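J.: Here you go, one structure.
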Amino acid sequence: MQKQAIFQSKLLPYALVAPQLAIVLIFFYWPAVQAVIQSFLLQDAFGLSTSFVWFENYLELFKEPAYFAAIVRTFAFSFAIAASSLSFALLLAVMADRPLRGSTLYRTLLIWPYAVAPPVVGVLWVFMLHPSLGVLSRYLRGMGIDWNPLLNGDQAAALIILAAAWKQISYNFLFFLAGLQSIPKSVIEAAAIDGARPMRRFWTVIFPLLSPTIFFLLVINIVYAFFDTFGIIDTMTRGGPGKATETLVYKVYTDGLLGGNLGSSAAQSVILMAIVVVLTGIQFRFVERKVTY
C-alpha cells in the first residue's frame, strides 16, 4: 500500500514550497520578463532616455553578419563539446564499472573535476597550454606544432572545446556509471551465454538500456554548451582572437555590458533562450522516440 504524507496544517505544504518558488520567480522569471521588455526598448548612450522601438533590435540583429557567424559557431561548439564529453565519459564509466582494485578511488578522482568552477577550469587550461608559459605547449612545439591560440582562431576554438568538455566529463561519468550499475547482470550474462562477444553485448544490450540516461545527458550537455561555457571563454580567450570563440552567450555579454547596447543584448538573450527551447523540444519530439525505457 502506497503511503501518503499527511500534514497537520493545510498551509504547511505551500510554506515548504514557497522558498523554492520564490527563488525561481526572482532569479529566473523576473529577469526573463525584464529581458523581453528591454528587447523592445532603445536607450541613448548615457542611459538618460528610453524609447519603444518594437522589433527594431531584432531586425538589426538579423542584418548583422557577425551575429549569424556567432550562431553557427555556437552550434559547432555545442556539438563538439556534447559529443566529446559524452563519448569520453561513457568510455570511462564502462572501464570504472569493471571489478578493479582501487575502483572506488578511481571513480572519486573522476568525479572531482565537476566541483571546479568554469573560470577556474579556464585558468588551469591556460596555464597548461599558454603559448609561452604552458607546460604542454613545450611538448607541442617539440613535436613541430606551431601552437599559439592567442593568434590562431582554430587553435583557440579547440582549446575552448577541450576545456569545456573536460569540465563536463565528470558529470556525465557519474550518470553513466549509475546507469551501468542499474542494468541487471543477468541480462548481460544471458547475452554472454548466447555467445555474444563483449563489443556486441555493449551495442546490443548495454547501450540500448542506457538510452534514457544518454537522452537526459544529451539535453543537459546542449544547455551546458550554450550557457555554462561563458566563464571558460571569458577567462581563456575573451571571445578572441578575432571573435573566433565568441558564442551567443558571450556576445550577449560583450554587446550589453561592454558595448552598452542593452536593447540588442536583451534581444540576443531572448533569441538564445528560444533556440535552446526549440532544440530541447526537437530532442523530446524525435530523439526520445528511440529511447528504450
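J.: Calculate the dipole size of the stretch 45-136 relative to its Cα centre from +1 charges on Lys and Arg beta carbons and -1 charges on Asp and Glu beta carbons; express the result in debye to the nearest 20. Can you show the working numbers first?
T.: On the way: 5 positive and 4 negative charges, 106 e Å.
Charge dipole of the stretch 45-136: 500 debye, to the nearest 20.
J.: Here is a follow-up. If you add up the charges near V187, with Lys and Arg at +1 and Asp and Glu at -1, over every other residue whose beta carbon is less than 13 angstrom from its beta carbon, what do you get?
T.: Numbers: positive: K185, R201; negative: E189, D194.
Result for the neighbourhood of V187: 0.
J.: Can you give the extra length, in nm with one decimal, that the chain gains between I37 and M143 once fully stretched, where that is 0.36 nm per residue apart less the Cα-Cα distance? List each step's numbers first, then the result.
T.: Working: separation 106, 0.36 × 106 = 38.16 nm, distance 5.37 nm.
32.8 nm is the gain from fully extending I37 to M143.
J.: For the stretch 208-259, just run the numbers: alpha carbon Rg, then divide by 2.2 N^0.38 Å, N being how many residues it has. Mind showing how you got there, number by number?
T.: Values: Rg = 14.7 Å, N = 52, 2.2 N^0.38 = 9.9 Å.
Ratio of Rg to 2.2 N^0.38 Å for the stretch 208-259: 1.48.
J.: I would also like to ask the following. Give me the 1.4 Å probe accessible area per residue for the stretch 162-225, excluding ligands and nucleic acids, in Å².
T.: Working: 3150 Å² over 64 residues.
In whole numbers, the stretch 162-225 has 49 Å² accessible per residue.
J.: Which value in deg cm²/dmol, rounded to the nearest 500, describes the helix-derived mean residue ellipticity at 222 nm for the chain, given -39,500 (n - 2.57) per DSSP H run of n ≥ 4 and division by the residue count?
T.: Details: 14 runs with 184 residues, N = 293.
My calculation for the chain gives -20000 deg cm²/dmol from helical runs alone.
J.: What whole-number value in cubic angstrom gives the convex hull volume per residue for the C-alpha atoms of the stretch 1-156? Don't skip to the answer; put the middle values down first.
T.: Working: hull volume 48.2 nm³, N = 156.
Once divided by residue count, the hull of the stretch 1-156 is 309 Å³.
J.: Semi-axes of the stretch 159-234's equivalent ellipsoid from the Cα gyration tensor, sqrt of 5 times each eigenvalue, largest first, rounded to whole Å? Intermediate values should be presented prior to the final figure.
T.: On the way: eigenvalues 216, 26, 17 Å².
In descending order the semi-axes read 33, 11, 9 Å.
J.: At 37 °C and 0.692 mPa s, grab the translational diffusion coefficient of the chain from Stokes-Einstein with a Kirkwood Rh over Cα pairs, rounded to a whole number in µm² per second.
T.: On the way: Rh = 22.4 Å.
The calculation lands on 147 µm²/s.
J.: Count the net charge of all other residues whose Cβ sits under 15 Å from the Cβ of Q268, scoring Lys and Arg as +1 and Asp and Glu as -1.
T.: Working: positive: K63, R73, K243, K251; negative: E56, E60, E64, E246, D255.
Result for the neighbourhood of Q268: -1.
J.: Here's something else I'd like to know. Just grab the label-to-label distance for L257 and L21, each label 7 Å out from Cα along the Cβ direction, in nm (one decimal).
T.: Going from the L257 label point to the L21 one covers 3.3 nm.
J.: At a 1.4 Å probe radius, carbon and sulfur cover how many percent of the accessible area of the stretch 95-250?
T.: Details: 5670 of 8440 Å².
Looking at the stretch 95-250 in its full context, I get 67 percent from C and S.
J.: Measuring with a 1.4 Å probe in the full set of protein chains, what accessible area per residue, in whole Å², belongs to the stretch 42-134?
T.: Per residue, the stretch 42-134 has 63 Å² of solvent-accessible surface.
J.: Please identify every one of the chymotrypsin sites (Phe, Trp or Tyr not before Pro) in the stretch 24-80 that sits in a loop by DSSP and has no more than 12 other beta carbons within 10 Å of its own beta carbon.
T.: Numbers: sites: F27, F28, Y29, F40, F46, F52, W54, F55, Y58, F62, Y67, F68, F75, F77, F79; in loops: F40, F46, W54, F55.
Passing sites in the stretch 24-80 are F46, W54, F55.
J.: Further question: Provide Rg over Rh for the stretch 109-255; use the alpha carbon set for both Rg and the Kirkwood Rh (inverse mean inverse pair distance).
T.: On the way: Rg = 19.6 Å, Rh = 17.6 Å.
Result for the stretch 109-255 is an Rg/Rh of 1.11.
J.: Moving on to the next point. At 1.567 mPa s and 4 °C, plugging the Kirkwood radius over alpha-carbon pairs of the stretch 178-290 into Stokes-Einstein gives what diffusion coefficient in µm²/s?
T.: Working: Rh = 17.3 Å.
Result for D is 75 µm²/s.
J.: Which whole-number percentage describes the relative contact order of the chain, with Cα contacts under 8 Å and a sequence gap of 6 or more?
T.: 27 percent.
J.: In square angstrom, rounded to the nearest 10, how much accessible surface does V17 have for a 1.4 Å probe?
T.: 70
J.: Cα convex hull of the stretch 9-95: mean projected area in nm², to one decimal? If you can, show how the numbers build up before the last one.
T.: Numbers: hull surface 47.9 nm².
Its Cα hull, projected and averaged over all orientations, spans 12.0 nm².
The values are calculated or read from the model by the stated rules, or taken from the named source; none is laboratory data. Remember, predicted model here, so these are calculated numbers, not experimental data. Ideal geometry is used to build each Cβ from the backbone, glycine not excepted, and the neighbour counts take in all protein chains shown. In case anyone asks, the SASA skips ligands and DNA or RNA and just uses the protein heavy atoms, side chains included. Shrake-Rupley method; radii C 1.70, N 1.55, O 1.52, S 1.80 Å.
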